[in-house]
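Enquirer: Sharing a structure here in structure tokens format.
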Amino acid sequence: MKYKLIVSDFDGTLLRSDNTISEPTRRAIAAYMEAGGTFTVSTGRNYPSIRQRLPEAGLGGLDIPVMSLQGSMAVNAKTGEEMFAEFLDTETAARFIGLCVRDGVYCHVYDKYSVYTAASCAESERYSRMVGVPVLEAGDLLAFIGKNRIIKVLAVCGGDSAARFAEAWGEEMGSSAQVMTTSKHFVECFSAGAGKGAGLRRVADILGVDIADTIAVGDEMNDRSMIEAAGLGVAVANARPEVIALASYVTAANDDDGVRRLIEKFCPEVI
């Protein structure tokens with residue numbers, strides 16, 4: 001088997017627009033793993049959120065490293081063992097939160113396993129429903145991050161403002177952190193040393209897989225680093241144009257079983 005490790009983004013890539021994973025895709029993943037490959041996901045969600053969705057892909061309770069929080073953290077899905085975590089330093093997080101407050105944009109922060117905002121509101125409740133985990137009240141966020149190590153900050157931008165804010169905030173933050181859009185309305189800030197590409201390289205090293213023998217597939221700006229890092233970088237057809245432009249291969253859209261199709265094309269051992 002040439003490609004021994006496949007890492008897929010979840011929302012917009014493995015997950016269809018109707019919030020499901022198709023049965024043919026589940027069968028393709030199972031066949032790939034039965035043939036000796038390792039399939040896993042890398043997501044912006046935190047681990048408790050993605051853990052509850054793993055069974056839908058046939059990955060629940062398997063001995064695989066699951067990457068969360070933009071590749072900043074990995075947990076073994078079978079044992080619950082934490083494999084690595086990359087934190088955002090307090091001063092950098094405080095600067096980004098300050099930009100959100102200045103510009104009147106809602107934000108919340110993540111430690112390893114929970115999500116916190118200053119006070120519950122419509123945005124926090126909407127996000128909680130979307131990802132299936134609570135957003136907890138922390139009070140003063142700056143005071144909270146001064147006492148608790150966090151991994152990332154997420155801002156929810158209204159309308160079509162996310163790209164504009166990501167560009168402006170990214171310029172102000174400079175090289176101290178990575179700032180990017182991760183969906184139509186989300187802008188995230190996380191460690192300069194983290195990201196899905198860094199997470200992929202760390203997981204490949206842990207598994208003893210040469211990076212040349214890996215596939216990464218995604219759709220959003222936060223997937224770019226792992227698409228560039230992988231031996232074969234793949235974009236789904238519904239990906240952003242910038243992501244499609246850097247991918248070595250474009251598979252079908254998420255709603256047309258793009259992940260299944262790339263497994264069948266590049267891992268013929270499973271057919």
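The values are calculated or read from the model by the stated rules, or taken from the named source; none is laboratory data. The structure displayed is predicted, hence computed values, not measured ones. Here the Cβ positions follow ideal geometry from the backbone for every residue, glycine too, while neighbour counts run over all protein chains shown. When the accessible area is computed, the model is the full protein with side chains, heavy atoms only, and any ligands, DNA or RNA have been set aside. Shrake-Rupley method; radii C 1.70, N 1.55, O 1.52, S 1.80 Å.
Enquirer: Only four residue types carry charge here, +1 at the Cβ of Lys and Arg and -1 at the Cβ of Asp and Glu. Report the dipole size of the stretch 63-137 about the Cα centre in Debye, rounded to the nearest 20.
Expert: With Lys and Arg at +1 and Asp and Glu at -1, about 220 debye.
Enquirer: Oh, and also: Provide the gained length on full extension for the span GLU172 to MET83, in nm with one decimal, where the gain is 0.36 nm per separating residue minus the Cα-Cα distance.
Expert: Length gained, GLU172 through MET83: 28.8 nm.
Enquirer: Moving to a separate point now. Students often forget the sequence filter, so: which lysines lie under 28 Å Cα-Cα from LYS152 once same-chain residues fewer than 8 apart are removed?
Expert: Of all the lysines, those that pass the test against LYS152 - Cα under 28 Å, at least 8 places apart if same chain - are LYS78, LYS112, LYS184, LYS196.
Enquirer: Sticking with this one: At 1.4 Å probe radius, can you tell me the per residue accessible area of the stretch 210-266 in Å²?
Expert: About 37 Å² of surface per residue is accessible.
Enquirer: In nm, to one decimal, how far is the modelled label at ALA212 from the one at THR90, with both set 7 Å along Cα→Cβ?
Expert: Those two pseudo-labels are separated by 4.6 nm.
Enquirer: Could you work out the per residue convex hull volume over the alpha carbons of the stretch 122-271, in cubic angstrom?
Expert: 158 Å³
Enquirer: Quick one: pull the percent of accessible area on the chain belonging to carbon and sulfur, 1.4 Å probe, ligands and nucleic acids left out.
Expert: 48 percent
Enquirer: List the relative contact order of the chain as a percent without decimals, with contacts defined as Cα pairs under 8 Å and 6+ residues apart.
Expert: That works out to 21 percent.
Enquirer: Take ALA252 and GLU34, extend 7 Å from each Cα along the Cα→Cβ direction, and tell me the distance between the two endpoints in nm.
Expert: Here the modelled spin labels are 2.0 nm apart.
Enquirer: For the stretch 25-87, what does the relative contact order come out to in percent, with C-alpha contacts under 8 Å and a separation of six or more?
Expert: That works out to 27 percent.
Enquirer: Oh, and also: Placing +1 at every Lys and Arg Cβ and -1 at every Asp and Glu Cβ, with all other atoms neutral, what dipole size does the stretch 49-201 have around its Cα centre, in debye to the nearest 20?
Expert: 300 debye
Enquirer: Cut-off under 23 Å on the C-alpha distance; same-chain residues fewer than 8 positions from LYS265 excluded. Which lysines are left, in chain and number order?
Expert: Partners found: LYS2, LYS4.
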